1. For the range 306-318, which positions are surrounded by fewer than 21 Cβ atoms within 10 Å (Cβ to Cβ) and either among the polar types (S, T, N, Q) or farther than 19 Å from R48 by Cβ (or both)?
2. Is it true that K212 is of a type in the set (K, R), under 28 Å from I288 (Cα atoms), out of contact with any Cys (no Cβ under 9 Å at 6 or more places or on another chain) and buried (at least 21 other Cβ atoms within 10 Å of the Cβ)?
3. Return the residue satisfying two criteria in turn: it lies in the range 36-57 and is over 13 Å from A100 (Cα atoms) and either of a type in the set (F, W, Y) or free of Cβ contacts under 8 Å to residues at least 40 places away in the same chain (or both), and of such residues it is surrounded by the fewest Cβ atoms within 10 Å (Cβ to Cβ).
4. Mind checking which residues of the range 151-179 are under 21 Å from the mean Cα position of the chain (by Cα) and either hydroxyl-bearing (S, T, Y) or surrounded by fewer than 20 Cβ atoms within 10 Å (Cβ to Cβ) (or both)?
5. Which of the residues spanning the range 328-344 are outside any loop (DSSP other than H, G, I, E, B) and touching a residue at least 24 places away in the same chain (Cβ under 8 Å)?
6. Checking the condition buried (at least 20 other Cβ atoms within 10 Å of the Cβ), without any contact (Cβ under 8 Å) to a residue 60 or more places away in the chain and of a type in the set (G, A, S), which residue from A274, A321 passes?
7. Can you name the number of the only condition in (1) at negative phi; (2) over 18 Å from the mean Cα position of the chain (by Cα) that I118 fails?
8. It is to be established whether one or more residues within the range 230-242 are part of a loop (DSSP other than H, G, I, E, B), more than 22 Å from the chain's Cα centre (by Cα) and closer than 26 Å to I301 by Cα.
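Nothing in this text is a laboratory measurement; each read-out follows from the coordinates by a stated rule. It should be emphasised that the depicted structure is a prediction, and the values quoted were computed from it without experimental measurement. Cβ coordinates were reconstructed from backbone atoms using ideal geometry, including for glycine residues, and neighbour counts include every protein chain displayed.
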Amino acid sequence: MPSNVSLYASVGPELTHYDVDVEGAALTRLDTVGLPANVQYIWPHASRRFLYAATSDSASGMGAAGNTHHVTALRIDQDSGALALHGAPIQLPTRPIHMATDIPSQYVLVAFNNPSAIRVYRINADATPGEEVVQPGPIDAGIFAHQVRATPDNQQVILVTRGHDAADGKPEEPGALKVFDFKDGVLSNGVSVAPDGGYGFGPRHLDFHPSKPWVYVSLERQNALDMFELANGALSPTPRFRKNALGRAPVSRQSVGTVHVHPNGGTVYVANRAGNADGENSLAVYTIDQSSGEPHLIEHIDTHGVHPRTFHIDPSGRLMAVAHITGAQLSLFRIGEDGGLHFARAYDIDVGQRTMWWMGMVEQ
């Protein structure tokens, strides 16, 4: 019988559903649905009955702009995990690089990278995406937004802006964490958290500890992990801790990627990405000191693929799946009681000329 956990992985505009055998660390490929353009990111509704898919035909990074950008709702069958389109997509102005909902899933939060921006859209009573919430004034969206998240209490929204390294005669452009108060879909009182003015600070993604006021931030441009405190709606102006993420000196272009805290709050994981097999394609695993929040490195483990762009932990905290762009592989790891990872198996995915850009797991 199928389990109650499904894995969804995108290849271009197609989203494929896999049944997950958590105990056996195995996947069974099932059905596929088509979306309006290439999947950029997907986020589940708080009810776990729907997914919201951000799609675009634009090139990644600062590449060529397309003209097809949407958020589409998908209904999850509660028995099988199969997906079906739910209502009509809403159109977006440019490529959405990341999206999430607020905590109760009353709003869709969308981050755009070129130009950097954040927009908020209502979620209708039937769970379809709705109209945009008009903001009362201009919003400082920093340089090259890469992720947007609501804080666990839903009182703030944080926009992660990466900035750019100095290149081709252009000076470095600083990164920042843009923190906004959030109420009824409205963003206000924006504060920029940018240690040293954001120079030498290139954040890509963040994740929250499930019970402590700690925020873990992966620094793409510095190959590091920062920990900030979040108290009374404010982030600490500087990180309390910074840890190197690489296991060895880089021999090719390296950039850290996704960061996820284990559901039990005991471990935090960061992906190290390289463009080829000569670089470091690994997961850095840190235990979390439960009194201070300090992460302590316990291992680097090879992901058995190249360029691990996304990874996800199943809701029970026993299995991790890692999706790779180059070579297009899905790797599965069992998670030990200490948070350490144990490689189980890898699946080669036929993507043709397309890209496996996003992957995640949802419990029905």
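1. Scanning the range 306-318 gives V306, R309, S316.
2. On the way: of a type in the set (K, R): yes; under 28 Å from I288 (Cα atoms): yes; out of contact with any Cys (no Cβ under 9 Å at 6 or more places or on another chain): yes; buried (at least 21 other Cβ atoms within 10 Å of the Cβ): no.
Answer is no for this residue.
3. D57
4. Of everything in the range 151-179, those that are under 21 Å from the mean Cα position of the chain (by Cα) and either hydroxyl-bearing (S, T, Y) or surrounded by fewer than 20 Cβ atoms within 10 Å (Cβ to Cβ) (or both) turn out to be T151, P152, D153, N154, Q155, T161, H164.
5. Keep residues of the range 328-344 that are outside any loop (DSSP other than H, G, I, E, B), which gives 329-335, 341-344.
Hits for the range 328-344 are Q329, L330, S331, L332, F333, R334, I335, L341, F343, A344.
6. Checking each option against the conditions leaves just A274.
7. Unmet condition: (2).
8. yes
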